[in-house]
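Remarks on the structure that follows.
The values are calculated or read from the model by the stated rules, or taken from the named source; none is laboratory data. Predicted model, so just to flag it, every value in this text is computed and none were measured. Please note: Cβ atoms are built from the backbone with ideal geometry, for glycine as well, and neighbour counts cover all protein chains shown. When the accessible area is computed, the model is the full protein with side chains, heavy atoms only, and any ligands, DNA or RNA have been set aside. Shrake-Rupley method; radii C 1.70, N 1.55, O 1.52, S 1.80 Å.
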Amino acid sequence: MKIEISGKGGSGKSTVSVLLARSMKKLGYRVLLVDGDESNIGLENLAGVEKPVHLLDYLGGKKGFKALLNQAVMADNPAGLFSGTQKIDDLPGNCIAVSEDGLEILVIGKIHHMGEGCACPMGVLSKRFLASIETSENEVILVDAEAGVEHFGRGVAGECDLVVGIVDPTAESFLLARKMARMAEAGGKAICFVLNKVEPEIEGFMKQQLEAAKVIGAIPKDHALFMNSLEGKPLTRMLPEIEEISRKILNKMP
């Protein structure tokens, strides 16, 4: 199953991605956590791993990747990255970092230099990568997508089986969630939402802002998690709400 985690910047998308990945790993699944956000640089810290070689850099950076895209036979590319039949084990080993609890992390690519140009190649690579990789019954690919909805326009969300929107208590987040729901529905893509940073007095109001059937859980505002994220330390604390949300997501597996 391929799952995309979406939301606005600051919603806690990366934090929830790591927590869900750890929870699913604990439930017995092999989990590849994919960093698909070209701007956010903290996912490796939250997962507690050394930085792997970025997939775009492995392919020769933007220039090298563009050359590969121009090749006539895509199956001849390194690691069969666009063959349509690749597995997690086929991925370049130096592009995978593994945490102490066995969580595997892959980074698509990042903006490194001032004036280097747009992030479009990362979006193209994310789409091609997700379109070509296959998962078995006990494998999950969890994609921490870039903030906003550009990944819908780039077609990245369309290559996943399920989109999970992270919604924090802001009006902007509610508006974005409704837009994601409309875009997913128009594209025939399944979507659900997780409320984040929830306090008891506002939980009811937050749920009213979205279609009830699409809200699969609420994560309480947690100071310890906030400090972990603030300090860039590995997320090791597990919340019962996360495990419940993980089970609901996994029950949607085809």
Connecting every pair of Cα atoms under 10 Å apart in the chain and solving the GNM, the largest mean-square fluctuation among A67, A184, A147 falls on A67
Around K2, which amide H atoms from residues at least 5 apart in sequence, or from another chain, sit under 5 Å from its own amide H, with H modelled in the peptide plane? I141, D161, L162
In terms of the charge dipole of the chain, which places +1 on Lys and Arg and -1 on Asp and Glu at the beta carbon, the residue among L20, N45, V98 farthest towards the positive end is L20
Please list, or write none, the lysines whose alpha carbon is within less than 20 Å of the alpha carbon of K189, excluding same-chain residues fewer than 8 places away. K2, K8, K13, K127, K179, K214, K248, K252
Under-5 Å amide H pairs with G48, H placed in peptide plane, nonlocal only: L235
Starting with the highest mean, order 33-42, 214-223 by the number of other Cβ atoms within 10 Å, averaged over the residues of each peptide. 33-42, 214-223
Using +1 on the beta carbon of Lys and Arg, -1 on that of Asp and Glu, and nothing else charged, what's the dipole of the stretch 136-197 about the Cα centre, debye to 20? 360
Interchain or long-range residues, amide H under 5 Å from G217's placed H: L195
Phi to ³J(HN,Hα) by Karplus 6.51 cos²θ - 1.76 cosθ + 1.60 over the stretch 204-211, Hz, x for Gly, Pro: x, 5, 4, 5, 5, 7, 10, 5
Taking 0.36 nm per residue of sequence separation and subtracting the Cα-Cα distance, how much length would be gained by fully extending the chain between K87 and E100, in nm to one decimal? 2.5 nm
Find the accessible area per residue for the stretch 175-236; the probe is 1.4 Å, ligands and nucleic acids are left out, and the unit is Å². 58
With both bridge residues required to lie in the chain, what share of the DSSP beta bridges run antiparallel, to the nearest 5%? 5
Starting from the 7 Å offset along Cα-to-Cβ, what nm value, one decimal, do you get for the label separation of E150 and E211? 2.7
